[in-house]
Amino acid sequence: WQGSYIGTETLRLVEFTAFVERPGEQDVCKQQHRFVHIDPTPTPDSPLEVVDVRQIYDKFPERGGGLRDLYDQGPSHAFFLVKFWADLSFPLPEEEPGGTGGAFYGVSSRYEGSRALTLSCTSKVCSFGKQVVEKLETAEPPHWEDGHFVFQLQRSPLCEYLINFIRKLRTLPEKPMMDSVLENFTILQVLRDQETQELLLCVAFVFEVSASERGAQHHIYRLGRD
Ligand code: G9O
């Protein structure tokens, strides 16, 4: 299966955004800052570069449902790696220690698929290759649009661990320091058909901080193994 996007014939990631919204008095005043973003703009349909999955085994749990086990079970064409350059150049909201100053930290994602199914999404947040948070979510029931089923997970609140992680990272004085912390921070998302537990997509996320004038960037790879 070839293409320059994250997806297979069954399920394709169309849009993905992690953001913070600062409170405004009215909805229209809310200011959204995107840490990372994959947009729905069509990209040229050239094959993705392949990264050997063994190179990133140590960044995720390997056994007990970790990356190695998942890849062994396959299907291998459903495995992707995204390198994000996150935009952390947002002004920290006024806040008391331990609070978020009324800010909302969330993540929204949208998928297109060829089958009506119940889509489940498991996210494992990992530090030094060990899982520190796991979150299981179910997408809204799909709706039919332009010839395919559309699945959405909208405005899912980020967990405390991630909010604190982003806020602490933001206080580090230099990009190289942030990047060195991010070397040991990864996220693994697994999308399944909830009824059959068939694996539809597995996406490994790794991070650096964007140079502030460039905004959030990303690069998508396919994961392979000879
Ligand atoms: C530099 C850090 C940027 C953080 C981006 C966060 C991406 C979020 C990926 C989804 C995680 C879902 C798990 C979750 O919400 N736990 O709360």
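Laboratory data are not the source of any read-out in this text; all were calculated from the coordinates shown. The structure displayed is predicted, hence computed values, not measured ones. A quick note on method: Cβ atoms are made from the backbone with ideal geometry, for glycine too, and the neighbour counts reach across all protein chains shown.
Set the Förster distance to 35 Å, then compute FRET efficiency between ASN164 and LEU136 from the Cβ-Cβ distance, nearest 0.05.
0.95
Which of the residue pairs LYS59/LYS124; LYS83/LYS135; LYS130/LYS168; LYS30/LYS124; LYS30/LYS135 have a Cα-Cα distance greater than 23 Å in the structure shown?
With Cα atoms farther than 23 Å apart: LYS30/LYS124; LYS30/LYS135.
Cut-off under 14 Å on the C-alpha distance; same-chain residues fewer than 8 positions from LYS175 excluded. Which aspartates and glutamates are left, in chain and number order?
ASP87, GLU183, GLU208, GLU213
Of TYR161, TYR111, TYR57, which is the most mobile in a GNM of the chain whose springs link Cα atoms less than 10 angstrom apart?
TYR161
Whole Å is fine, so just give me how far the alpha carbon centre of the stretch 134-175 lies from that of the stretch 180-197.
11
Rounded to whole Hz and in sequence order, give me ³J(HN,Hα) for the stretch 81-87 from the Karplus expression 6.51 cos²θ - 1.76 cosθ + 1.60, θ = phi - 60°, writing x for Gly and Pro.
10, 10, 9, 9, 9, 7, 8
Which residues does a label at THR122 reach in the stretch 196-226, if reach means a backbone N under 16 Å from a point 7 Å past the Cα toward the Cβ?
Within reach of a label on THR122: 196-205.
Does anyone have the angle between helix 160-171 and the longest principal axis of the chain? Alpha-carbon axes, 0 to 90°, nearest 10?
60
Using only Cα atoms, figure out Rg for the chain and give it as a multiple of 2.2 N^0.38 Å.
Taking N as the residue count of the chain, the ratio is 1.02.
Starting from the 7 Å offset along Cα-to-Cβ, what nm value, one decimal, do you get for the label separation of GLN194 and HIS143?
1.8
Starting at the first residue of the stretch 120-134, write each ³J(HN,Hα) from the Karplus equation 6.51 cos²θ - 1.76 cosθ + 1.60 with θ = phi - 60°, in whole Hz, x for Gly and Pro.
These are the phi-based 3J(HN,Hα) values: 10, 10, 9, 10, 10, 8, 10, 10, 6, x, 10, 5, 10, 9, 10 Hz.
In whole Hz and in residue order, list the ³J(HN,Hα) couplings for the stretch 173-187 that follow from phi through the Karplus curve 6.51 cos²θ - 1.76 cosθ + 1.60, θ = phi - 60°; x for Gly and Pro.
So the Karplus estimates, Gly and Pro as x, are x, 9, 4, x, 5, 4, 4, 6, 5, 5, 4, 10, 10, 9, 9 Hz.
What's the FRET efficiency of GLU49 with GLU174 using the Cβ-Cβ distance as r and R₀ = 45 Å, to the nearest 0.05?
Efficiency, from the Cβ-Cβ distance: 0.95.
Please identify every one of the GluC sites (Glu not before Pro) in the stretch 101-182 that sits in a loop by DSSP and has no more than 12 other beta carbons within 10 Å of its own beta carbon.
For GluC sites (Glu not before Pro) across the stretch 101-182 that sit outside H, G, I, E and B with at most 12 neighbouring Cβ atoms in 10 Å, the list reads GLU174.
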